[in-house]
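Colleague: One structure, pasted below without further comment.
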Amino acid sequence: MRNRSFILNYHLMLIPGAVLLFIFSIVPMFGVAIAFQDYIPTKGIFASEWVGWENFGYMFSLPDSKQIFVNTISIALMKIAAGLVVPFVFALLLNEARIVLFKRTIQTVVYLPHFMSWVILSGILINMLTLDGLVNQILSWFGREPVMFLSSNAWFRPILVASDVWKEFGFSTIIYLAALTSINASLYEAASIDGASRLQKLLYITVPALLPTVILLATLSLGNVLNAGFEQILNLYNPLVYETGDIIDTYVYRTGLQEMQFGLATAVGLLKSAVSFILILISYGLAYRYANYRIF
């Protein structure tokens, strides 16, 4: 009886979370019907005219549709690649540090940006990259002309990738450092006896031991191919860089909330969700096959 009461209490504790999940995640899913309607807010979902696949056809006929998908995939892939390489290299370098206080201090400093919102970080970046900002002042010391970084299509994507890495690489490093702790210390001792240098230990013991973690993170990242960073781009971009910076999420935001094209915005969002769902299934399949990772 006592065990049953414990189990009952645990299930009762789940009720508030389940209610919130139902209200904010399940109920809004009925809104996907707007993608197949000429939705008019004053009429509501039930009274608006059904147009079938018309919104999807209109979406693909727009000259912007191809560009926003290209932008989304390009930016997301660059972020995924940089987000795998930079933390991996940084973790290897940090692992070689022998002063514990220095190691912990650096680790704390680099993952602090992860806990800041893009509103704060975007304000810092904008102040640094304006015509009279810190970066252009440094360039002026070397006789270079000021550059409008956030209004340049050539610079906008690199800034997005670099700032995303700056924000997240410190936190991602923790995963690799955790994986490093699982390496058997006797391997390094045997290598030292055989006369291996620190570089050889790094190349032949540390790096191979981290490869399963890299493969796992890479495969799981496939599910984020269509998530290029809405909050970051929304706070940094402007009409001058729509050509290279406008992604699916920002396009949905503009067309849906600013231009009041609710059917088109919902159709774009629904297509993104469907493709993302397929990519997540593929990524988890690959993670199970190549890294023996499973969630069920």
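Colleague: Could you say which residue among Ser172, Ser182 is in a loop (DSSP other than H, G, I, E, B), modelled with pLDDT under 85 and touching a helix residue (DSSP H, G or I) at 6+ places or on another chain (Cβ under 9 Å)?
Modeller: Values: Ser172 fails: in a loop (DSSP other than H, G, I, E, B).
Checking each option against the conditions leaves just Ser182.
Colleague: Can you name the residue in the range 110-153 that is open to solvent by 80 Å² or more (accessible area, probe 1.4 Å) and either in a helix (DSSP H, G or I) or at pLDDT 90 or above (or both) and, of all such residues, is farthest from Ile233 (Cα to Cα)?
Modeller: Ranking the candidates gives Trp141 first.
Colleague: Further question: Any residue at all in the range 157-167 that is within 20 Å of the chain's Cα centre (by Cα), open to solvent by 80 Å² or more (accessible area, probe 1.4 Å) and at pLDDT below 85? First the steps, then the outcome.
Modeller: Of the residues in the range 157-167, the ones within 20 Å of the chain's Cα centre (by Cα) are 157-167.
Narrowing further to those that are open to solvent by 80 Å² or more (accessible area, probe 1.4 Å): 166.
Filter once more, keeping what is at pLDDT below 85: none.
No: the range 157-167 contains no residue that is within 20 Å of the chain's Cα centre (by Cα), open to solvent by 80 Å² or more (accessible area, probe 1.4 Å) and at pLDDT below 85.
Colleague: Which one of these is under 26 Å from Asn55 (Cα atoms) and buried (at least 21 other Cβ atoms within 10 Å of the Cβ): Gly245, Gly223? Even if it seems obvious, please write down each step before you answer.
Modeller: Working: Gly223 fails: buried (at least 21 other Cβ atoms within 10 Å of the Cβ).
The conditions single out Gly245.
Colleague: Test Ala81 against the stated conditions and say whether it is out of contact with any helix residue (DSSP H, G or I) (no Cβ under 7 Å at 6 or more places or on another chain), within 30 Å of Leu210 (Cβ to Cβ), in the same structural domain as Thr250 (by TED's automatic domain parsing) and modelled with pLDDT of 85 or more.
Modeller: Working: out of contact with any helix residue (DSSP H, G or I) (no Cβ under 7 Å at 6 or more places or on another chain): yes; within 30 Å of Leu210 (Cβ to Cβ): yes; in the same structural domain as Thr250 (by TED's automatic domain parsing): yes; modelled with pLDDT of 85 or more: yes.
Against the criterion (out of contact with any helix residue (DSSP H, G or I) (no Cβ under 7 Å at 6 or more places or on another chain), within 30 Å of Leu210 (Cβ to Cβ), in the same structural domain as Thr250 (by TED's automatic domain parsing) and modelled with pLDDT of 85 or more), Ala81 qualifies.
Colleague: Which one is most open to solvent (accessible area, probe 1.4 Å) among residues in the range 42-70 that are closer than 23 Å to Val27 by Cβ and among the small types (Gly, Ala, Ser)?
Modeller: Restricting to residues being closer than 23 Å to Val27 by Cβ and among the small types (Gly, Ala, Ser), the top hit is Ala47.
The values are calculated or read from the model by the stated rules, or taken from the named source; none is laboratory data. Here the structure is a predicted model, which is why all the values come from computation and not from measurement. FYI the Cβ positions are ideal-geometry reconstructions off the backbone, even for glycines, and counts take in every protein chain you see. Ligands, DNA and RNA are excluded from the accessible area calculation, which covers all protein heavy atoms including side chains. Shrake-Rupley method; radii C 1.70, N 1.55, O 1.52, S 1.80 Å.
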